[in-house]
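The values are calculated or read from the model by the stated rules, or taken from the named source; none is laboratory data. Everything quoted here is computed from the prediction, not taken from an experiment. With ideal geometry, Cβ positions are generated from the backbone for all residues, glycine too; neighbour counts draw on all protein chains shown.
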Amino acid sequence: MIEHVVLLAVRPGEDAEPMLTALRELAETIPGIVSLSAGSNITDRGKQFTHGLSLRLESQEALDRYLA
């Protein structure tokens, strides 16, 4: 099992929902994604990072497919 985390910075005033929707749809299109979560950073600890993506993948091969 592989955990993969991506931190994202969305410009102030920019609508992040289309991006988050597209990220969530990756779970339906890339084989090997076991779980996926994408959403807003609700703390002040992330500094400039406003959103994040967390993936759990079944193998290195699945991670390679996702990264491609």
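Please go through the range 6-37 and give me each residue that is more than 19 Å from Ala68 (Cβ to Cβ), in a strand (DSSP E or B) and among the hydrophobic types (A, V, I, L, M, F, W, C), ordered by number. Answer for the range 6-37, where residues must be more than 19 Å from Ala68 (Cβ to Cβ), in a strand (DSSP E or B) and among the hydrophobic types (A, V, I, L, M, F, W, C): Leu7, Leu8. Taking residues in the range 27-43 that are under 16 Å from Glu3 (Cβ atoms), and partners anywhere that are in a loop (DSSP other than H, G, I, E, B) and among the charged types (D, E, K, R), the pairs with Cβ atoms closer than 7 Å and at least 6 places apart or on different chains are Gly32/Glu58; Val34/Glu58. Considering the range 24-48, and only residues there that are at pLDDT 95 or above and of a type in the set (A, V, I, L, M, F, W, C), the residue that is surrounded by the most Cβ atoms within 10 Å (Cβ to Cβ) turns out to be Ala38. Among the residues of the range 1-26, those that are under 10 Å from the mean Cα position of the chain (by Cα) and among the hydrophobic types (A, V, I, L, M, F, W, C) comprise Val5, Val6, Leu7, Leu8, Met19, Leu20, Ala22, Leu23, Leu26.
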